[in-house]
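Have a look at the structure below, then the notes.
The values are calculated or read from the model by the stated rules, or taken from the named source; none is laboratory data. In this text, all values refer to a predicted model and were calculated from it rather than measured experimentally. In this analysis, Cβ positions are derived from the backbone assuming ideal geometry, glycine residues included, and neighbour counts consider all displayed protein chains. Heavy atoms of the whole protein, side chains included, go into the accessibility calculation; ligands, DNA and RNA do not. Shrake-Rupley method; radii C 1.70, N 1.55, O 1.52, S 1.80 Å.
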Amino acid sequence: MPTHAEKKILRYTPEQMFDLVADVRRYPEFLPWCVGARILSRDEQVLVADLTIGFKMFRETFRSRVGLDRPGHIHVTYETGPFRYLNNHWRFSPVPQGCEVDFFVDFEFRSRILQMAIGVVFNEAVRLMVRAFERRAMALYGRSTAAVAPGSAAPSATG
């Protein structure tokens with residue numbers, strides 16, 4: 001159902017972006033509609049977490065398994081909650097300007113009401129979430145930390 005794919009070049013290292021996205025317990029501090037995060041287990045390759053999302057009268061918790069392939073890939077698989085399915089991945093590739101971030105999400109709610117509600121605002125909601133990660137990178141790492149080759153123009157971290 002709703003699918004979003006986006007690639008962006010940011011002035012941060014793949015390691016920095018990996019660490020930011022892998023820090024799931026901090027999501028409620030900066031991610032819109034994320035009102036709770038609980039890490040159930042974590043090791044170097046996998047973390048299992050419950051995230052609670054809230055929007056107006058809706059509040060749902062879901063569990064996902066997050067594969068951590070440092071520093072280039074984070075893959076989220078859905079375990080339990082309000083979705084029929086949820087597929088999400090982040091890829092972080094080094095480029096001369098910093099890091100190319102490749103983000104993909106595809107999901108469907110079990111509830112038709114929830115599906116219809118998110119369908120109306122899905123694209124804007126995902127864009128806001130991606131921007132929230134960019135702003136978090138700026139807050140944590142500053143405006144520009146990756147080396148930029150002389151004479152090359154790097155896109156701004158604010159898009």
Original post:
Using Cα atoms only, what is the angle between the long axis of helix 112-141 and the major principal axis of the chain, expressed in degrees (0 to 90) to the nearest 10?
Top reply: 30
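The stretch 3-142: percent of C-alpha pairs farther apart than 19 Å? Mind dumping the intermediate values first?
Numbers: 4949 of 9730 pairs.
I get 51 percent for the Cα pairs in the stretch 3-142 exceeding 19 Å.
Please get the size of the charge dipole for the stretch 3-142, origin at its Cα centre, with Cβ charges of +1 on Lys and Arg and -1 on Asp and Glu, quoted in debye to the nearest 20. Spell out each step's value before the answer.
Numbers: 20 positive and 17 negative charges, 85 e Å.
Dipole about the Cα centre, nearest 20: 400 debye.
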Original post:
At q = 0.17, 0.33, 0.34 Å⁻¹, what is the log10 ratio I(q)/I(0) for the stretch 18-62, with the Debye formula run over Cα points and no solvent?
Top reply: -0.48, -1.22, -1.25
**OP:** Compute, for residue 113, the solvent-accessible surface of its heavy atoms (probe 1.4 Å) with the complete set of protein chains present, and express it in square angstrom to the nearest 10.
**Re:** 120
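Per DSSP helix of 4 or more residues, -39500 (n - 2.57); summed, then divided by the residues of the chain. What does that give at 222 nm, rounded to the nearest 500? Intermediate values should be presented prior to the final figure.
Details: 3 runs with 43 residues, N = 159.
So the calculated ellipticity at 222 nm is -9000 deg cm²/dmol.
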Original post:
For the stretch 22-105, what percent of Cα pairs sit more than 19 Å apart?
Top reply: 42
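Calculated FRET efficiency, residue 114 and residue 38, Cβ-Cβ r, R0 22 Å, to nearest 0.05? Intermediate results must be reported in sequence, preceding the final value.
Numbers: r = 21 Å, r/R0 = 0.96.
In this case the efficiency is close to 0.55.
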Original post:
At a Förster distance of 22 Å, what's the computed FRET efficiency of residue 25 paired with residue 128, Cβ-Cβ distance as r, to 0.05?
Top reply: 0.60
Original post:
If ligands, DNA and RNA are left out, what is the accessible area of residue 41 with a 1.4 Å probe, given in Å² to the nearest 10?
Top reply: 60
